[in-house]
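First comes the structure, then the notes that go with it.
The values are calculated or read from the model by the stated rules, or taken from the named source; none is laboratory data. Worth saying up front: this structure is predicted, and the values here are computed from it rather than measured. Cβ coordinates were reconstructed from backbone atoms using ideal geometry, including for glycine residues, and neighbour counts include every protein chain displayed. For accessibility, only protein heavy atoms count, side chains too; no ligands or nucleic acids. Shrake-Rupley method; radii C 1.70, N 1.55, O 1.52, S 1.80 Å.
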Amino acid sequence: MNYKRYVVKRLKTFEKNNIIITPHAMIRIVQRQINPKEVIENIINPVRLEYAIQEKATTVNEEKFDCYFGYSKTLCHRYVIVIKNNVVVVTVVKINRRWQRIVEKKMKYTKYE
């Protein structure tokens, strides 16, 4: 199930100072040559958000989402984020191939609703 509308609504309530990028995500940002400001901008202004898949969260008061921000048919950024009182970016992936099928397959097999 695509939680895009719900995630966009939730993300618009946060500001730049509410976004935390984990050390792991920062390493991945550098490795994959992604601008950290672009990650923050995508979260604050989620106009590129195409899909948001809910995942199982570790605690009761948090929500975890696998988000796909589309740039073109062959380029997208995938962020795994946790929403609590703030937004925690767990990891960042840059996908340089046709990514829509990947998401469709993942949505088909996701059981968390």
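Rounded to the nearest 20 debye, the dipole size of the stretch 18-108 about its Cα centre is 480 debye, using +1 on the Cβ of Lys and Arg and -1 on the Cβ of Asp and Glu.
Accessible area per residue (1.4 Å probe, heavy atoms of protein chains only) ranks H24, H77 as H24, H77, with the largest value leading.
Tell me the net charge near I44. Cut-off is 10 Å between Cβ atoms, I44 excluded, with +1 for each Lys or Arg and -1 for each Asp or Glu.
Net charge around I44: 0.
Measuring how big the stretch 55-102 is from its alpha-carbon positions, Rg and Dmax come out at 12.4, 36 Å. The label point for T74 and the one for Q33, both projected 7 Å from the Cα toward the Cβ, are 1.5 nm apart. Pairs exceeding a 18 Å alpha-carbon distance, out of K12/K106; K12/K64; K37/K73; K12/K73; K4/K106: K12/K106; K37/K73; K12/K73. For K84, which aspartates and glutamates qualify as cross-link partners when the Cα separation must be under 19 Å and same-chain residues fewer than eight apart are set aside? Cross-link targets: E15, E41, E55, E62, E63, D66, E113.
Just the ratio, please: alpha-carbon radius of gyration of the chain over 2.2 N^0.38 Å, N its number of residues.
Working: Rg = 13.1 Å, N = 113, 2.2 N^0.38 = 13.3 Å.
Normalised by 2.2 N^0.38 Å, the Cα Rg of the chain equals 0.99.
Once backbone amide H atoms are built at 1.01 Å from N, T22 has V89 as its partners under 5 Å, excluding neighbours fewer than 5 places away on the same chain.
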